[in-house]
Structures are given as structure tokens and as C-alpha cells.
1. Out of the stretch B:367-393, which residues are part of a helix (DSSP H, G or I), touching a strand residue (DSSP E or B) at 6+ places or on another chain (Cβ under 6 Å) and either among the charged types (D, E, K, R) or over 30 Å from A:Glu162 (Cβ atoms) (or both)?
2. Please go through (1) surrounded by fewer than 18 Cβ atoms within 10 Å (Cβ to Cβ); (2) within 16 Å of ligand 1 (Cβ to nearest atom); (3) modelled with pLDDT of 95 or more for A:Tyr87 and return the number of the only condition it doesn't satisfy.
3. Within the stretch B:409-423, how many residues turn out to be in a helix (DSSP H, G or I) and without any contact (Cβ under 8 Å) to a residue 12 or more places away in the chain?
4. Against the condition over 18 Å from A:Asp169 (Cα atoms) and either surrounded by fewer than 23 Cβ atoms within 10 Å (Cβ to Cβ) or in contact with a Cys (Cβ under 9 Å, 6 or more places away or on another chain) (or both), how does A:Ser60 come out, does it pass?
5. Can you name the residue in the stretch A:164-183 that is modelled with pLDDT of 95 or more and open to solvent by less than 10 Å² (accessible area, probe 1.4 Å) and is also nearest to A:Leu100 (Cα to Cα) among such residues?
6. Hey, among the residues in the stretch A:22-36 that are on the phi < 0 side of the Ramachandran plot, outside any strand (DSSP E or B) and surrounded by fewer than 19 Cβ atoms within 10 Å (Cβ to Cβ), which one's nearest to ligand 1 (Cβ to nearest atom)?
7. Could you check how many residues of the stretch B:302-322 are open to solvent by less than 10 Å² (accessible area, probe 1.4 Å) and either more than 19 Å from the chain's Cα centre (by Cα) or of a type in the set (A, V, I, L, M) (or both)?
8. May I ask you to say which residue of B:Glu417, B:Glu351 is away from chain A (no Cβ under 14 Å) and more than 30 Å from B:Asp239 (Cβ to Cβ)?
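The values are calculated or read from the model by the stated rules, or taken from the named source; none is laboratory data. Since the structure is predicted, the reported quantities are computational estimates derived from the model, not experimental observations. With ideal geometry, Cβ positions are generated from the backbone for all residues, glycine too; neighbour counts draw on all protein chains shown. Only protein heavy atoms, including side chains, enter the accessible area calculation; ligands, DNA and RNA are left aside. Shrake-Rupley method; radii C 1.70, N 1.55, O 1.52, S 1.80 Å.
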Amino acid sequence: MSLKIENLQARIGEREILKGLTIEIKPGEVHAIMGPNGSGKSTLSKVLCGHEDYEVTGGSATLDGEDLLSLSIDQRSRAGLFLAFQYPHEIPGVTNANFLRAALKARKPDGEDVDAIAFYRQMYARMDQLEMDRSFTGRNVNEGFSGGEKKRNEILQLMMLEPKYAILDETDSGLDIDALKIVSRGVNAMRSAERGFLVITHYQRLLNYIQPDIVHVLMDGRIVKTGDRSLALKLEEKGYDWVKDEALPAAA
Amino acid sequence: MPLSPALSTSAPAWFKERATNAWSQFQTLPLPSVRDENWRYSNAKSIPLESLANADVPDSDVVKVAVAASVELEKWSARLVFVNDCLAASESSQLPAGVICVPFSQALEQHSDAMREHFMQRQMQLGSEKFAALHLAMLKAGTVVIVPRGITVPAPIEVFHWVSGENAAIFPHTLVIAEDNAAVTVVDHYRSCTSEAGFSCAVADLIGKPGSHVTYIACQEMSEEAQAMHLSSTVAGKDAQMKSFQLQLGANWSRSESVSDLVGKGARSDMLSVSLPLGDQIVDQRTLQNHKAPNATSDLLYKNALYDSSRTVFSGLITVDEGAHYTDAYQTCRNLLNSDTAEANSLPGLEINADQVKCSHGSTSGPVSEEELFYLKARGIPDNEARRLIVLGFADDVIQRIGNDAIEQMIHARVEEKFARLG
Ligand SMILES: Nc1ncnc2c1ncn2[C@@H]1O[C@H](COP(=O)(O)OP(=O)(O)O)[C@@H](O)[C@H]1O
Ligand SMILES: [Mg+2]
């Protein structure tokens, strides 16, 4: 059982972005991927979700043994994969509550609906945990939300959909320290022996709140270094250049 | 039997005279040409004037079915049902004292002075003089609402107009006068009893005196063999707030002409519309926002979700008169193209003759956004359901601006029902 990514290669147009990336996340584990801007972090998360702009040119990705790459976008989500987006999209006219209900209904057998009372009870409990005002249920998805509100809304969806594996793409960006604590608390509440996390971040700050078991460094489409939490601290102190210097001569 | 006016004998002389003049005007005026700027991309020949006939007095069975089907809003202050321009049911016991809400013929007899002052006093400006004349000449049904100063009508007034019979034509009229600081909401439904061909040629005039609030909703759900025309105007006095919403779901050809005159300082007019044409339906929309006073706001949002080989035409003009300083005027038309063969034409326009004016106009046409779809699918929602949510959301984005939950839910349900008819 794991989310297993092996030698994954992907491109957009003519441009190679992932150049052979390997990671395995087991249930209960929290992995972090750190890397400079443009190294391919968001690309990895979108390729795993099946975004159609990207073409997978090699390698594999499986979720508990199931070939992710052969599934459609929505099938991947229902199979247990979740991505908290770096830039969540606005959906005009669709309320948060209707959106979440539709997502939960999609997980039920055909024709079966979500129990409305249980749904609202669950949603309100989760919103309280995230200190989100109840008015967000009636507001259109992400429309007019601040950066921080959008990120909370992503974590609310994570909490409601209870995936097996969750990828968080720069959930810390745009959050002030209080919001960061609230969001991290929400994520930590979802940590369990049955669930794996891949936390993508540019800064180590987030990792003070969501403590990873394993830290990877992504550069130029490849994992160039893997270590424990101390690696994140070292990156914060020294930047990314020393990793590059270590990695490049080996490649030369 | 071709169309011919049947004058009521009980109508006041001034009205009979106007109706008679209108009939000769209708006969003299030429059919608008496709070269007429107000008819670009459309065609007045879509209305089969030659084959139309006066609607018969309906059978009691037809009336019974129509009245039974005239249920939308749970709460209303008054409800009137017309079948073939004949009053079939009316209930107005929930109205506050002093509020007038009566069938057109009764208003002519009992409120002749107010009618004389306000009834169809405005020049048609968007190309349908001929059809306005036809309406006046043929007119015998509709609703006249007069709300005295300072009175708020709590629940909407809901009116149903049904047409029954092959090629039958109806001429529903709506006149709403909100006196100073009065508030009222009126909903007109236009429907066909069967899937037969027919024609509705409606006129709605909404007059908002200073400080009044008027919300007007027109729901056109005629048979897809029918044609529907809706000529409306709003006049917003000082600090008045007017809101009008056009729902175009039925008819194979529909045309709405909506004029909003902002005549008082600080007035506001919201002009909203949703359509969801399928098959080869054509939706023709003409609008005019006339700013005649300073510090007024008009905000227009029209949205069309097109399928199959349907077609929409949106032509909108904002005019800002000399002296109408500090005007805020916005005009947006958005078209969601859900098929390669659907076609949306947009003709936005501006004429500004004042200073310190904020104006914008724009139109967009395109398919469902891939990024929106991706976001929904990434949450496990299948493609067809994701598209359904996005299209209904596209409509709800306008519907939500009505600001009345019951009406919003009713309109959402009508749109959803039409959406369900898609393959
Ligand atoms: N839609 C796109 N079209 C072209 N290039 C893209 C696109 N998306 C990403 N890229 C490029 O791919 C590289 C990796 O981007 P991304 O995965 O967003 O990086 P990160 O998330 O690590 O900052 C960058 O060089 C970026 O410019
Ligand atoms: Mg990124």
C-alpha cells in the first residue's frame, strides 16, 4: 500500500519538466518536497491529478497498486487522491455547500444522495476547526475569497473528502502566521496511520507546524536529495545552492 | 381568421381612441427590415403575422388545467391567472390596504386617470414600434399595480399568462406604479398550454417614483413552436431602485427590448437576464440604459448558455445625457458556448455626453473554462456533472442578484428543469 511514483517524466508542449522522479509515500507518512521556484513542484501535483496540459512521457504512478495514470481526473480523486491547489480556482455561481455535496455524492453508489443533515453537521464541525465563518457555505467557491480563505477552503475540502493520500501544494503561501497555525492544525487533525501526505513548500516555515517524516529536494524535475527534518532546516539556513553543487558534479 | 382588434365597449373613450389609432399605425408601419440597426442578426419575419389569430375564449377544461399549473411561488401577495387574455383566477386578499392590483380592464374603468397618465406613454426606442402598436390595439388583459406612498408589498405579486390554441396570439400588459418610497415585486410568467405554435406580445412598464423599490421578473417559458416578444421599460426617479430580470427559456424565437431611464438623481437600475437556448432556438435581446440625471447607477448583466445550433443576439446601448455627471453605467453580456454550432452575437455600445462618468461595457463568448472543469473533476465530480454545475452556476451568478430567496430558488429550478431536457 502506497502512493508510488517511479521515474516519472512529463512535459508541457515541447518542454520537459519532470525528468525521472521517484518517491514512495506510505500510509501514515508525511513527506515534504522542497525546491526552488520553477523546479516542477506544481507540475508533479497536477500530473498526478491528471491535468490535461501535461503529457506523461515515461515512468509510472500507482495508488495502492492501481495505475493512476490510466484513470480520468475524477476517478483519481475518487480512488483516494487529493490535491490542495496552490492557486484554487473560482467557480462563479456554485456555492461551497453545493460543490462539496456534489463531490461527496460522486463517491456514493449511483442514485444515492448525501444525507443533508449529517452533511451540514460534518461541514460545520470542520469549518469550526478551521475557524471559518458559516457564511462560507453559501458563498460561491473561492469567489472573492482572500488568499488565506482560499487555502482554508482547500483544507476544508480535504477534511470533508477524507482522501487516502493528500498533496498540499504551497498551502503556506499567502498565509499569515495565525492562518498558518489554523490550517496546520486542520491538516494535523487529518494525519492518521491510514493516510499519507505530500507537503510541497518553498519555505521550511510550514514544516515547523506540519512536521514531516521525510524531506526531499526537487530540482530541475528530479529528486536530488532526501533526508529527515534536519534537511529542511539546513535548506533554510544555506539556501538551495549547496544541494545544486552537490548534485551537479555527479551529473556532469 | 387573421388578427383583428375586438374593442371592449366598457373601456373609456380615450382608450378606445388610442387603440383605434394604434391599429391603423400597426397596419401602416412597415415590418422592420433586417438592415434596421435594431434588427441586426434578427428577423421580424420570425413572427408569422399572417397565420396568427385572435385567441379564443378558452374551454373550461383548458382553464382548469392552466390554473392548476399556475403554482410557482409558495408565498404571494396576489396572484392572477390569464388564459388567452381572459381572467381565469385571481386572489389578492394578502395585499396591504390601499394597494391596487387589478386586471387591466378593471383598471381602465376604475383608475382611468392614473391609466391615462402612465399607460404606454413612452416612445419605443429599440425597433418595435409596429409591435407596440399591435399590442395596444389588441390589448385586453394584464395587471395594473399601484402602490401608494411608503407602502411595502411584502410578498411578490405573481401573474401567469397562458396561451392555448394553434397560432393563437396573446397581448399581456403589465403596468406597475410605485409611488414615493413604496416597494413591490411583480413576477410575470408567459406559458403555452400545449406544444402548439402561438405568439405572446407583451408590454411591461415599471414606474418607480422617488425612493421606491421595484423588482420585476419576466419568465418566458412558451412552447418551442411559439414566438415571444417582451417590450419593457423602467423609469427610475430620485433614489429609486429598479431591478428587472428576464428569463428566456421557451419559444423558438424570443425578443426582449428593455429600456431603463434613470431620470432622478441617485437612481439605480439593475438589468438582468438568463437564457439557455437549445436546438435551433433564437434569443434576441436589445437593451438601452438612458442616464438622464446625475449620480445614477445602471448595471446590466445578461448571460446566455447556448447549446446545439441555437443563436443569441445581444445589442446594448448606454447613453449618458449632458448633465448626467457622476454616472456609473455597466453593461456585460457573457455567452457560454456549449457546442461548435451555437452562435452568440454581441453588439455593445456607448454614447457619453457628460463628465466624471464611470462606464464599462464588454461581452465574452467561449466554452466552459477548462480550469473550472479541472477543479471540479479533481474533487471527484464526473465530467457531465461538473459541466452541469458550471452551467447552472453560470446562470445562478445572475439569479443570485435578484435578492429574493424564493424567487431565486424558483428561477433556479426552472433553469435546472430545462437543463435536464438536454441529452
Ligand atoms: N502551462 C505551462 N506552460 C509552459 N510552461 C509551464 C507551464 N506550467 C509550468 N511551466 C514551467 O514548468 C516549470 C515548472 O513549473 P512549476 O511546476 O509550476 O514549478 P514550481 O511549482 O516548482 O514553482 C517552470 O519552468 C514553468 O515555467
Ligand atoms: Mg508551484
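1. Taking the stretch B:367-393 as the starting set, the residues that turn out to be part of a helix (DSSP H, G or I) are B:370-377, B:383-393.
In the following step, the residues that additionally are touching a strand residue (DSSP E or B) at 6+ places or on another chain (Cβ under 6 Å) were identified as B:391.
Correct list: empty.
2. Status for A:Tyr87: all satisfied but (3).
3. 4
4. Details: over 18 Å from A:Asp169 (Cα atoms): yes; either surrounded by fewer than 23 Cβ atoms within 10 Å (Cβ to Cβ) or in contact with a Cys (Cβ under 9 Å, 6 or more places away or on another chain) (or both): yes.
Against the criterion (over 18 Å from A:Asp169 (Cα atoms) and either surrounded by fewer than 23 Cβ atoms within 10 Å (Cβ to Cβ) or in contact with a Cys (Cβ under 9 Å, 6 or more places away or on another chain) (or both)), A:Ser60 qualifies.
5. That would be A:Ala166.
6. A:Pro36
7. Within the stretch B:302-322, residues that are open to solvent by less than 10 Å² (accessible area, probe 1.4 Å) and either more than 19 Å from the chain's Cα centre (by Cα) or of a type in the set (A, V, I, L, M) (or both) number 6.
8. Details: B:Glu351 fails: more than 30 Å from B:Asp239 (Cβ to Cβ).
Being away from chain A (no Cβ under 14 Å) and more than 30 Å from B:Asp239 (Cβ to Cβ) holds for just one of B:Glu417, B:Glu351, which is B:Glu417.
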